[in-house]
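So the structure is just underneath, and the comments pick up after that.
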Amino acid sequence: QKEVEQNSGPLSVPEGAIASLNCTYSDRGSQSFFWYRQYSGKSPELIMSIYSNGDKEDGRFTAQLNKASQYVSLLIRDSQPSDSATYLCAVDPSSASKIIFGSGTRLSIRP
Amino acid sequence: DTEVTQTPKHLVMGMTNKKSLKCEQHMGHRAMYWYKQKAKKPPELMFVYSYEKLSINESVPSRFSPECPNSSLLNLHLHALQPEDSALYLCASSPSMGQNTDTQYFGPGTRLTVL
């Protein structure tokens, strides 16, 4: 089992709809969770960090964390074509002082 | 300001060349990282410096040699690379590197091509 798993996609969502990206992790002791957006040929850009169970909202983005079920998700409301990118989930496992990246989900927003 | 800068943006080198990648941050962060990223893959951790000391080396070949001259600078010295080392090299920094890893901020990367 991979430490951090994401569906590779592509996930195609119509413009204006809600895009839902999911991530599961294996280390139950993980404490910190991050979502990065990466455009093709560019570096990862931090979108959200979340540390506690529940929802965290920032503009059109909402991160959801459920430690009991070991999943973290990212919702993007009112999706725009500029949201088309690869979204990387990253988790800080308790076993190591570094973050582990998932393989990323490619999101495509269609007009 | 959450800016990490990297130079050069692009680098083409032969297998016998020696070159260096540079990374700089002025956020007072005490942990700095080198990652390698191949196309359509997530970043792979190479090295971590914490308080200017090498704390993680992910079994990277010796043709990659990191250096941390001070708390703001991180270099990656390259020598005798192979074509399969061609990738995007990313530098990142975070406030610290403790049990709960702080948020990492990435630089724009250096696109390296080895001929």
**Request:** Kindly provide the chymotrypsin sites (Phe, Trp or Tyr not before Pro) of segment B:1-91 that DSSP labels as loop, not H, G, I, E or B, and whose Cβ sees at most 12 other Cβ atoms within 10 Å.
**Result:** B:Y51
**Request:** Counting other Cβ atoms within 10 Å, keep those with at most 16, restrict to DSSP loop, and tell me which chymotrypsin sites (Phe, Trp or Tyr not before Pro) in segment A:1-66 are left.
**Result:** A:Y39, A:Y51
**Request:** Let me know the longest stretch in chain A that avoids all trypsin sites (Lys or Arg not before Pro) found in a DSSP loop with at most 11 other C-beta atoms within 10 Å.
**Result:** A:29-111
**Message:** For the protein assembly as shown, which cysteines have no second Cys with its Cβ under 4.7 Å from theirs?
**Reply:** B:C68
**Request:** Pairs of lysines 8 or more apart, or on different chains, with alpha carbons under 22 Å: count those in segment B:1-41, would you?
**Result:** 13
**Complete:** Total charge of the residues flanking B:C23 in space, meaning their Cβ is under 15 Å from its Cβ, with Lys and Arg +1 and Asp and Glu -1, is +2
**Prompt:** Tell me, what is the percent relative contact order of chain A, built from C-alpha pairs under 8 Å that lie six or more residues apart?
**Reply:** 38
**Message:** Less than 11 Å Cβ to Cβ from A:A63, Lys/Arg counted +1 and Asp/Glu -1: what total charge do the surrounding residues give?
**Reply:** -2
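Loop-only check: which trypsin sites (Lys or Arg not before Pro) in segment B:34-89 are DSSP coil with at most 16 other Cβ within 10 angstrom?
On the way: sites: B:K36, B:K38, B:K40, B:K53, B:R63; in loops: B:K38, B:K40, B:R63.
Passing both the DSSP loop test and the Cβ count: B:K38, B:K40, B:R63.
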**Fill in**
Net charge near A:L11 (other residues with Cβ under 13 Å of its Cβ; Lys, Arg +1; Asp, Glu -1) is +1
**Asked** Which whole-number percent gives the relative contact order of segment B:41-115, counting Cα pairs below 8 Å spaced six or more residues apart?
**Response** 23
**Most mobile of B:S55, B:S72, B:S93 in a GNM of chain B (Cα contacts under 10 Å)** = B:S55
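Values quoted throughout were computed directly from the atomic coordinates according to the rules given, and no laboratory measurement underlies them. What you see is a predicted model; the values in this text were computed from it and never measured. Counting neighbours? That spans all protein chains shown, and the Cβs are built from the backbone with ideal geometry, glycine included.
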